[in-house]
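To start, the structure under review is shown below, and the notes come after it.
The values are calculated or read from the model by the stated rules, or taken from the named source; none is laboratory data. Predicted model only: the values in this text are computed from it and were never measured. Virtual Cβ from ideal backbone geometry, glycine too; neighbours counted across all protein chains shown. What goes into the accessible areas is simple: the full protein's heavy atoms, side chains included, and nothing from ligands, DNA or RNA. Shrake-Rupley method; radii C 1.70, N 1.55, O 1.52, S 1.80 Å.
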Amino acid sequence: AQRVTQPEKLLSVFKGAPVELKCNYSYSGSPELFWYVQYSRQRLQLLLRHISRESIKGFTADLNKGETSFHLKKPFAQEEDSAMYYCALSGRNKLVFGAGTILRVKS
Amino acid sequence: DVKVTQSSRYLVKRTGEKVFLECVQDMDHENMFWYRQDPGLGLRLIYFSYDVKMKEKGDIPEGYSVSREKKERFSLILESASTNQTSMYLCASSSPVQGRGSAQHFGDGTRLSIL
């Protein structure tokens with residue numbers, strides 16, 4: 001069965017501190033993983049996908065098949081990073097989402 | 001830029017009413033989806049459609065139905081609204097990538113309250 005687990009409902013960090021949002025998945029095939037972000041009063045939008053191996057807004061995420069993880073990281077948090085973050089797993093044109101993690105960056 | 005438009009941002013209905021939520025996308029995407037978003041539960045897939053007049057159940061289809069008569073439009077129907085269907089409803093669309101999943105584009109959402 002496809003499953004995505006985001007163990008933290010809320011992550012609170014100070015501005016300038018490193019950020020790591022955890023995501024673990026369960027999938028029998030070759031996974032394709034995404035991070036989506038929803039800023040306050042905005043629509044849910046794609047942040048990054050693992051196949052692109054890109055850095056968006058300073059965030060990166062590496063797929064670790066051995067640990068079945070796809071953690072989202074940023075070395076120095078900024079206040080504008082405060083948002084809800086969802087990890088998602090793709091299979092057969094559907095996405096399975098985790099429960100989401102609220103990131104609060106304090107000044 | 002992909003535009004997914006949901007007809008209402010806020011909607012208040014009464015129990016037992018038949019409720020229609022409309023979604024239109026302008027990028028000729030084959031795939032369209034309806035989710036509900038609840039705190040602590042994330043996004044849960046209600047129904048999706050790969051093509052016109054095709055539909056498949058998602059994870060929580062009970063109490064809902066859908067209609068896709070045109071490629072750009074995907075409607076969610078609450079046959080007889082109940083208070084436990086009070087939620088944020090999100091529509092999304094995507095274009096299939098051979099053998100792989102593809103990123104989805106979301107609308108602004110409809111916050112539905114059932115009284």
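General observations
- Strands (runs of 3 or more DSSP E) enclosed by region A:1-80 - at least 2 residues per element that are open to solvent by less than 30 Å² (accessible area, probe 1.4 Å): A:19-21, A:32-38, A:45-49, A:72-74
- Meets criteria (open to solvent by 90 Å² or more (accessible area, probe 1.4 Å) and of a type in the set (Asp, Glu)) for residue B:51: no
- Reported count of residues in region B:73-115, each being among the acidic types (Asp, Glu) and more than 12 Å from chain A (Cβ to nearest Cβ), is 1.
- Matching residues, region B:60-78, being surrounded by 13 or more Cβ atoms within 10 Å (Cβ to Cβ) and of a type in the set (D, E, K, R): B:68, B:71, B:72, B:73
- Extreme residue, modelled with the highest pLDDT, among residues of region B:16-48 that are more than 14 Å from the chain's Cα centre (by Cα) and open to solvent by 80 Å² or more (accessible area, probe 1.4 Å): B:18
- For region B:32-72, residues that are within 13 Å of chain A (Cβ to nearest Cβ), assigned to a loop (DSSP other than H, G, I, E, B) and aliphatic (A, V, I, L, M) total 3.
- Residue satisfying all of: in region A:84-98; under 11 Å from the mean Cα position of the chain (by Cα) and of a type in the set (A, V, I, L, M); most open to solvent (accessible area, probe 1.4 Å) among these: A:84
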